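Written out below as structure tokens is the structure these notes cover.
All of the numbers you see were taken from the coordinates with simple rules; none came from a lab. Predicted model, so just to flag it, every value in this text is computed and none were measured. Cβ placement follows ideal geometry from the backbone for every residue including glycine, while neighbour counts extend to all protein chains displayed.
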Amino acid sequence: MTSTLPPTRDLPPGRHARIRSEVERGIGSRRRLLVPVLAGAAVVAAVVASVVVFQPSAPPSPAVHITTAPATTVTSVPPEEVKAIESGCSRSAGRTGARLHQYLGEETRWALLYTGDAALTCTLGEDGMAYNAAFVQVAVGWLPGHFSVDGIGTSAGGDVAGRQETAGRPGYRTAVGRIDAKVARVTVTADGRTVDARIADGTYAARLHYPPSWGIPHDDQGMLVQAYDADGRSLGSSTGTWGECYYEPGTSTVLYGDDRIPADRCQPATPWR
């Protein structure tokens, strides 16, 4: 676990002060859970459609604004801000002990946190809420191979909801997970575009932004996550792991995949960190 975040120079002038102000205002407030827990060892990803009420009558704009930063080493930020994000996002998700692994502050501000048994994606200062966290229960101490897909979410643009507090907010797709030491690059593909996820502290995180008028397609094809080593060799993809199962060595408990399958028909999970 690290309490480090992207360098302040990545933020526009004045953004750091606004972030601090919003975080301080949010301390002590309880936020509503964005999605219910997806329990069970078979769950490795969540689909979140947090603000969809209806699709726009006009065809959505095809423009996609790619703002996800490349892999980077994060630097420290005031400890009180880290604690505020951890506390606020934990309360929003109804979890305890969440620890911040990544903070991303591009077109939308959000954070990736983990507890001992869950992954949290937490929006910061969006739609009138200081913290709004969705979470997925996962076997955090173990990986299904070289990487996991712990959360896949999609949110329509703010104009689609037709509410004053969401107006002008971009739509977005989000993908997060954990990696082992062999993973040097993670890409996320959606809507004909491929972006590099940000890699930090044993995790990856990516968000693709869309115009505020963008609605989730009725025939949504979702996202493809792929991992590579330092030489560019593939270490697997999200589509290649859906039908596989992994068990915890020593207990033979199936952690990923269909837990009705006997462990001797699955692969051993590998420790994370």
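Brief remarks follow.
- Whole-percent pair-distance distribution, where bins are 10 Å wide, for the alpha carbons of the range 145-273: 12, 35, 29, 17, 6, 0
- Mean Cβ count within 10 Å, highest first, over the residues of peptides 214-223, 120-129: 120-129, 214-223
- Model label points for residue 239 and residue 83, set 7 angstrom from Cα along the Cα-to-Cβ axis, are 4.7 nm apart.
- For 266, 89, order by how many other beta-carbon atoms lie within 10 Å, fewest first: 266, 89
- Our coupling estimate for the range 174-183, obtained by passing each phi through the Karplus curve with A = 6.51, B = -1.76, C = 1.60 and θ = phi - 60°, is 10, 9, 9, x, 10, 9, 9, 5, 7, 7 Hz, Gly and Pro reported as x.
- Chain lengthening between residue 260 and residue 184 when straightened (0.36 nm per residue, less Cα-Cα): 24.0 nm
- Net charge over other residues, Cβ less than 14 angstrom from the Cβ of residue 225 (K, R count +1; D, E count -1): +4
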